[in-house]
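*Asks:* Attaching a single structure in structure tokens format; questions to follow.
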Amino acid sequence: MNDDFFYAIGLMSGTSLDGLDIVYVKFQKSDSANFEILLAETISYSNIWKERLQSAVNLDKKGISILHNEYGVFLGIKTKEFISKNTIQKLDFIASHGHTVFHQPENGFTLQVGDGEEILKATNSTVVADFRSQDVQLGGQGAPLVPIGDRLLFSGYQACVNLGGFANISYERNDLRIAFDICPVNIVMNYYSNKMGLEYDDKGALASKGTIHQGLLKELNSLPFYSKKPPKSLGLEWVQQYVFPLVDSYKLDSHNILRTFLEHVAQQISQIIQPFDTILFTGGGVYNNFLIKRIEVLGKKNIIIPADHIINYKEALIFALLGLLKLQGQVNCLSSVTGAQKNHSSGKIFTTNNSD
């Protein structure tokens, strides 16, 4: 291996089921903040995999175990294909977020499927996976985990916002990194776009044709989660329990649902970003031009949108960094973010010799 750099692959699957993000990245050994994304790709899920992951929350213990194993096999195969296709020679490790099925930190558990052992078998490379469960065992939310990467890799911005299945923010306050989920975004927007036969609302075109329903908007903004203080995080179960039933109770046209929910997202985010001037926005939601425009108007802010490879692959990049920190025995999970008892080095290591 090169003496000056660590070479890693990061794998990320978000709650909005856009696909599997794979990045090949190098980190300078003397300063991991010096990084370069060498290759990146998003592999769309087949309808079968999308359905399996979408409905996984309804599986019993045996079904979850089977999915954990088979999704790990899928991740291993796709990573091996990525390595082969790009003739990757230098690789120190693979870091995999997996796919979140359950996230109920208040009940003491979170689950990301995708067995690291299966990725190891397919690629014969060291794998770091299961980044969240240790934090929950230590009394934390297990999320968000990206803020340590925001601190180390993107310190030039006062705040970092990611618009994925959920919107989250991270920033420094009194030398502590603070971060939390703001609200659902694509996990809801895509759901109602799907009902119209589309994968997503391209550039916000569907929402822009709708009308805001003030009653629904008021009820959405009044959900108790928004008045909670951080640390706090959201999961699919919360959306299924509170958001979908509320929205559906109004029996609105899909365009009006999307317009109202987009306004809800814009209002929640614009309130949160008020204290900051330089704010980095990433994640698939930044391609929703209408949403970005509404956030800028309501927040009276100029949003900084970086190059496409950072927009699309920042989370996969940061999970590669989390894997590196774990392998080095360094802190990769911040108690100021998750509410855990202490800072710690989270993740499970799978190697050809043993697994930690």
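*Asks:* Quick test of your reading of the structure: ILE178 fulfils all but one of (1) modelled with pLDDT of 95 or more; (2) open to solvent by 50 Å² or more (accessible area, probe 1.4 Å); (3) not in a helix (DSSP H, G or I). Name the failing condition by number.
*Replies:* Looking at each condition in turn, ILE178 falls short on (2).
*Asks:* May I ask you to list the residues in region 155-165 that are touching a strand residue (DSSP E or B) at 6+ places or on another chain (Cβ under 6 Å) and open to solvent by less than 20 Å² (accessible area, probe 1.4 Å)?
*Replies:* Once the filter is applied, which keeps residues that are touching a strand residue (DSSP E or B) at 6+ places or on another chain (Cβ under 6 Å) and open to solvent by less than 20 Å² (accessible area, probe 1.4 Å), region 155-165 yields ALA159, CYS160, VAL161, ASN162.
*Asks:* Does THR87 satisfy the criteria of being on the phi > 0 side of the Ramachandran plot and either part of a loop (DSSP other than H, G, I, E, B) or not basic (Lys, Arg) (or both)?
*Replies:* Numbers: on the phi > 0 side of the Ramachandran plot: yes; either part of a loop (DSSP other than H, G, I, E, B) or not basic (Lys, Arg) (or both): yes.
Here the answer is yes, as THR87 does meet what is asked.
*Asks:* Out of PHE102, PHE93, I need the residue that is in contact with a Gly (Cβ under 9 Å, 6 or more places away or on another chain) and open to solvent by 20 Å² or more (accessible area, probe 1.4 Å). Which one? Spell out how you get there, then give the answer.
*Replies:* On the way: PHE93 fails: open to solvent by 20 Å² or more (accessible area, probe 1.4 Å).
Criteria check complete, one pass: PHE102.
*Asks:* Further question on the same structure: Quick test of your reading of the structure: GLU237 fulfils all but one of (1) modelled with pLDDT of 95 or more; (2) within 22 Å of the chain's Cα centre (by Cα). Name the failing condition by number.
*Replies:* (1)
*Asks:* Oh, and also: In this structure, is LEU206 in a helix (DSSP H, G or I) and over 18 Å from LEU17 (Cβ atoms)? If you could, list the steps in order and put the result at the bottom.
*Replies:* Working: in a helix (DSSP H, G or I): yes; over 18 Å from LEU17 (Cβ atoms): yes.
Considered against the rule, which asks whether it is in a helix (DSSP H, G or I) and over 18 Å from LEU17 (Cβ atoms), LEU206 comes out as yes.
*Asks:* Looking only at residues that are among the charged types (D, E, K, R) and open to solvent by 40 Å² or more (accessible area, probe 1.4 Å) in region 287-318, which one is nearest to GLY14 (Cα to Cα)? Break it down into steps so the answer makes sense when it comes.
*Replies:* Filtering region 287-318 down to residues among the charged types (D, E, K, R) leaves 293-294, 296, 300-301, 308, 314-315.
Now narrow it down to the ones that are open to solvent by 40 Å² or more (accessible area, probe 1.4 Å): 293-294, 296, 300, 308, 315.
On the way: LYS293: 24, ARG294: 24, GLU296: 25, LYS300: 29, ASP308: 17, GLU315: 9 Å.
Once the filter is applied, the top-ranked residue is GLU315.
*Asks:* For region 2-44, give me every one of the strands (runs of 3 or more DSSP E) that falls completely inside it and has 3 or more residues that are free of Cβ contacts under 8 Å to residues at least 40 places away in the same chain. Please lay out each step first, then the result.
*Replies:* Details: elements: 5-13, 20-28, 31-43.
Counting at least 3 such residues, we get 31-43.
*Asks:* Do we have ILE64 as in a helix (DSSP H, G or I) and surrounded by 15 or more Cβ atoms within 10 Å (Cβ to Cβ) here?
*Replies:* yes
*Asks:* Taking LEU258, is it assigned to a helix (DSSP H, G or I) and in contact (Cβ under 8 Å) with a residue 60 or more places away in the chain?
*Replies:* Numbers: assigned to a helix (DSSP H, G or I): yes; in contact (Cβ under 8 Å) with a residue 60 or more places away in the chain: yes.
So LEU258 passes the test.
*Asks:* Looking only at region 291-320, count every residue that is touching a residue at least 24 places away in the same chain (Cβ under 8 Å) and over 19 Å from ILE272 (Cα atoms) and tell me the total.
*Replies:* 13
*Asks:* Suppose we filter ILE148, ILE119 for residues that are touching a Phe, Trp or Tyr at 6+ places or on another chain (Cβ under 9 Å), more than 27 Å from ARG294 (Cβ to Cβ) and not in a strand (DSSP E or B); which single one remains? Reasoning before the result, please.
*Replies:* Values: ILE148 fails: touching a Phe, Trp or Tyr at 6+ places or on another chain (Cβ under 9 Å).
Result of the check over ILE148, ILE119: ILE119.
*Asks:* I'm trying to understand the selection: among the residues of region 319-345, which are buried (at least 24 other Cβ atoms within 10 Å of the Cβ), of a type in the set (S, T, N, Q) and over 19 Å from PHE6 (Cα atoms)?
*Replies:* If the condition is that a residue be buried (at least 24 other Cβ atoms within 10 Å of the Cβ), of a type in the set (S, T, N, Q) and over 19 Å from PHE6 (Cα atoms), then THR338 is the only one that fits.
*Asks:* Which of the numbered conditions does GLN241 fail, given that it passes all the others? Conditions: (1) in contact (Cβ under 8 Å) with a residue 12 or more places away in the chain; (2) of a type outside the set (D, E, K, R); (3) in a helix (DSSP H, G or I).
*Replies:* Against the list (1) in contact (Cβ under 8 Å) with a residue 12 or more places away in the chain; (2) of a type outside the set (D, E, K, R); (3) in a helix (DSSP H, G or I), GLN241 comes up short only on (1).
*Asks:* For region 122-135, how many residues are open to solvent by 10 Å² or more (accessible area, probe 1.4 Å) and either under 30 Å from PHE276 (Cα atoms) or not in a helix (DSSP H, G or I) (or both)? Even if it seems obvious, please write down each step before you answer.
*Replies:* Here is the first cut: in region 122-135, the ones open to solvent by 10 Å² or more (accessible area, probe 1.4 Å) are 122-126, 130, 132-134.
When the remaining residues are screened for being either under 30 Å from PHE276 (Cα atoms) or not in a helix (DSSP H, G or I) (or both), the result is 124-126, 130, 132.
Count: 5.
*Asks:* Name the single residue that is farthest from VAL286 (Cα to Cα) among those in region 188-202 being surrounded by fewer than 21 Cβ atoms within 10 Å (Cβ to Cβ) and among the aliphatic types (A, V, I, L, M).
*Replies:* MET196
*Asks:* Let me ask something additional. Scan region 105-116 for residues that are surrounded by 17 or more Cβ atoms within 10 Å (Cβ to Cβ) and over 20 Å from TYR24 (Cβ atoms) and report the count.
*Replies:* Residues of region 105-116 surrounded by 17 or more Cβ atoms within 10 Å (Cβ to Cβ): 105, 110-116.
Filter once more, so that each one left must be over 20 Å from TYR24 (Cβ atoms): 105, 110-113, 115.
So the count comes out to 6.
*Asks:* How many residues are β-branched (Val, Ile, Thr) and closer than 16 Å to SER125 by Cβ when one looks only at region 1-43?
*Replies:* Of the residues in region 1-43, the ones β-branched (Val, Ile, Thr) are 9, 15, 22-23, 25, 37, 42-43.
When the remaining residues are screened for being closer than 16 Å to SER125 by Cβ, the result is 9, 22-23, 25.
Adding up the residues that qualify gives 4.
The values are calculated or read from the model by the stated rules, or taken from the named source; none is laboratory data. The shown structure was predicted, so the numbers you read here are calculated from the model rather than taken from an experiment. With ideal geometry, Cβ positions are generated from the backbone for all residues, glycine too; neighbour counts draw on all protein chains shown. For the accessible areas, the whole protein counts, side chains as well, though only heavy atoms, and no ligand, DNA or RNA atoms are used. Shrake-Rupley method; radii C 1.70, N 1.55, O 1.52, S 1.80 Å.
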